[in-house]
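Only the coordinates and a few stated rules stand behind these numbers; no lab work does. Predicted, not measured: the structure shown is a model, and the values here were computed from it. Ideal geometry is used to build each Cβ from the backbone, glycine not excepted, and the neighbour counts take in all protein chains shown.
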Amino acid sequence: MGKDRSGGRPENGAERRLTGSPREFQFHGRRSGHRLREGRRALIENRLPALRVCDPAAEEPVSDLASLFAGPMRGYWLEIGFGAGEHIAAQALARPDIGFLGCEPFVNGVAALLAKMEAGDIANIRLFDEDARLLLPRLPEGVIDRAFILFSDPWPKKRHNKRRFITPKTLDALARILRPGAELRFASDDMSYISWTLEHMRRCPDFSWPAAGPADWRNRPADAVETRYERKALAEGRRCVYLGFRRN
Ligand SMILES: C[S@@+](CC[C@H](N)C(=O)[O-])C[C@H]1O[C@@H](n2cnc3c(N)ncnc32)[C@H](O)[C@@H]1O
């Protein structure tokens with residue numbers, strides 16, 4: 001995106017590529033919280049298996065997104081770390097002709113989204129209940145039209161910064177699956193993570209940031225809904241920043 005187009009890339013590009021193997025990184029977040037109520041547990045057991053994008057343990061490529069959905073889709077959008085699913089559910093409800101892929105390893109969040117899908121009769125979401133870094137390398141090239149990373153864990157302590165989702169490797173993996181012209185939306189209330197993301201994007205030749213002025217990053221995009229973390233941040237008086245990057 002910016003002047004330094006090398007992005008600090010190692011000589012051998014393969015060294016920095018995600019492969020989809022669980023051995024190459026560690027997931028540092030929570031996988032479960034409070035005990036699931038009976039109804040939610042039943043959703044995980046009975047509904048989730050048929051709604052999975054793929055078997056997280058299989059390490060096999062996902063060859064065709066169209067076959068995941070009942071009818072033809074106009075495009076495919078991806079949300080990474082959907083939390084309790086309020087954003088992906090609202091987007092999917094508003095756009096039944098878009099196929100949504102949602103990644104979230106936190107089982108309580110997955111159950112919350114399944115409950116929303118059932119309540120809203122939402123049929124155009126498929127789930128990956130594991131670390132998104134396992135899915136990205138398995139998706140076909142250039143198939144995603146929009147991706148969302150909203151209020152991703154900021155890992156504010158310096159020694160934990162490297163756990164952040166935005167890294168050269170994940171940006172490479174995202175660049176591979178996003179079609180040219182696609183949008184990558186990132187939002188956060190953590191100014192250190194915002195700066196980190198802008199700096200990583202500046203070094204990545206695959207993305208540009210077409211913002212013209214503060215109105216472009218101070219306001220939530222008109223078609224987006226507030227997420228749980230965003231609501232909490234705003235209630236506690238923190239400012240949120242919304243970045244929209246374009247795949248070159
Ligand atoms: C701070 S929460 C924000 C949730 C939601 N986006 C919101 O704004 O309310 C971050 C979420 O990202 C998920 N997450 C963290 N690392 C992830 C990864 N590598 N792949 C997929 N999801 C991840 C966490 O489990 C958590 O639910």
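Points to keep in mind about this one:
- Taking a straight line from the alpha carbon of K232, these lysines sit under 21 Å away, with near neighbours fewer than eight places off in the same chain left out: K116, K157.
- Theoretical gain in end-to-end length, A42 to A215 [0.36 nm per residue, Cα-Cα removed]: 57.9 nm
- For a straight C-alpha distance cut-off of 14 angstrom, the aspartates and glutamates reachable from K158 (same-chain residues fewer than eight places away being disregarded) are D190.
- The chain: calculated mean residue ellipticity at 222 nm from DSSP helix runs of at least 4, using -39500 (n - 2.57): -7500 deg cm²/dmol
- The simple spin-label model puts a point 7 Å past each Cα toward its Cβ; for D97 and E199 those points are separated by 4.3 nm.
- Formal net charge of residues neighbouring I44 (Cβ-Cβ distance under 13 Å; K, R +1; D, E -1): +2
- Distance between the C-alpha centres of the range 193-224 and the range 111-137: 26 Å, rounded to the whole angstrom.
- Antiparallel content of DSSP bridges confined to the chain, in %, to 5: 30 percent
- Distance distribution P(r), the range 41-247, all Cα-Cα pairs, bin width 10 angstrom from 0: 8, 36, 39, 16, 1 percent.
- Positive contributions from Lys and Arg (+1) and negative ones from Asp and Glu (-1), summed over other residues with Cβ under 10 Å from the Cβ of L101, come out at 0.
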